[in-house]
1. Residues of the range 71-121 being hydrophobic (A, V, I, L, M, F, W, C), loosely packed, with under 11 Cβ neighbours inside 10 Å and not in a helix (DSSP H, G or I), which ones?
2. Taking the options TYR64, TYR14, name whichever one is of a type outside the set (A, V, I, L, M) and surrounded by 14 or more Cβ atoms within 10 Å (Cβ to Cβ).
3. Confirm whether ALA57 is more than 14 Å from the chain's Cα centre (by Cα) and either surrounded by 15 or more Cβ atoms within 10 Å (Cβ to Cβ) or among the hydroxyl-bearing types (Ser, Thr, Tyr) (or both).
4. Find the residue count for the range 28-46, including only residues that are surrounded by fewer than 13 Cβ atoms within 10 Å (Cβ to Cβ) and in a helix (DSSP H, G or I).
Amino acid sequence: MAQELYTRTNQKLYFAGLALEAWRNAESGRAMNAQALIQAEREAALFHLYGAVLGVAHEIAGYYRLPQAAAPRVELLLNAEVLAAAPSPELAELVELVQQPETWLARLLAAYAALFQPPSEPRKVKTDPTQPLIQAVSLDADEPQPLANAELEAWRKSLKEMVLRFRGALTEL
């Protein structure tokens with residue numbers, strides 16, 4: 001494989017596609033460990049999508065010769081300080097997407113960060129010992145739903161479109 005910056009981004013996008021395909025196969029299969037396979041492929045897809053975002057950030061940083069070009073984490077490249085030090089339209093777009101929590105990129109980074117959080121027990125309602133033994137139930141405390149395959153596929157598609165658009169603008173004539 002060539003040692004160009006874009007090859008890592010392409011590789012990560014391809015691997016994310018493989019993980020999403022394996023996830024769909026696990027959902028349609030009847031294996032005893034289907035839930036474990038689905039979770040493993042969900043995490044693999046998130047890992048590779050994060051790597052693809054880091055890859056495109058490295059492409060931009062390399063093109064503009066930023067001092068942070070070898071940053072090991074997306075968060076070290078996509079922030080206001082780096083943008084202020086070396087403004088570029090591509091970096092500005094990425095930083096803007098990261099700063100708005102409802103965007104696909106911010107959600108991707110949040111989901112990736114959540115992979116490193118320990119599992120937590122559901123919060124239990126404190127009971128007053130003077131009250132009769134009635135179980136308190138709250139309908140507001142819904143458990144967060146795991147990410148769907150279609151959502152990660154949409155993130156992958158958005159990232160691919162952005163990468164192609166950025167590469168067209170970053171090409172020297």
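1. If the condition is that a residue be hydrophobic (A, V, I, L, M, F, W, C), loosely packed, with under 11 Cβ neighbours inside 10 Å and not in a helix (DSSP H, G or I), then PHE116 is the only one that fits.
2. Working: TYR14 fails: surrounded by 14 or more Cβ atoms within 10 Å (Cβ to Cβ).
Unique residue meeting the criteria: TYR64.
3. Numbers: more than 14 Å from the chain's Cα centre (by Cα): no; either surrounded by 15 or more Cβ atoms within 10 Å (Cβ to Cβ) or among the hydroxyl-bearing types (Ser, Thr, Tyr) (or both): yes.
It is false that ALA57 is more than 14 Å from the chain's Cα centre (by Cα) and either surrounded by 15 or more Cβ atoms within 10 Å (Cβ to Cβ) or among the hydroxyl-bearing types (Ser, Thr, Tyr) (or both).
4. Narrowing the range 28-46 to residues surrounded by fewer than 13 Cβ atoms within 10 Å (Cβ to Cβ): 28-33, 35-36.
Remaining after also requiring in a helix (DSSP H, G or I): 28, 35-36.
Of the residues in that region, 3 qualify.
Conditions (1) within 19 Å of LEU115 (Cβ to Cβ); (2) of a type in the set (Gly, Ala, Ser); (3) touching a strand residue (DSSP E or B) at 6+ places or on another chain (Cβ under 9 Å), marked per residue:
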position	(1), (2), (3)
LEU5	no, no, no
LEU18	yes, no, no
ALA22	yes, yes, no
ALA26	yes, yes, no
GLN35	yes, no, no
ALA44	yes, yes, no
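Every number in this text was worked out from the coordinates using simple rules, so none of it is lab data. Note that the structure is predicted; figures quoted are calculated from it, not measured. In this analysis, Cβ positions are derived from the backbone assuming ideal geometry, glycine residues included, and neighbour counts consider all displayed protein chains.
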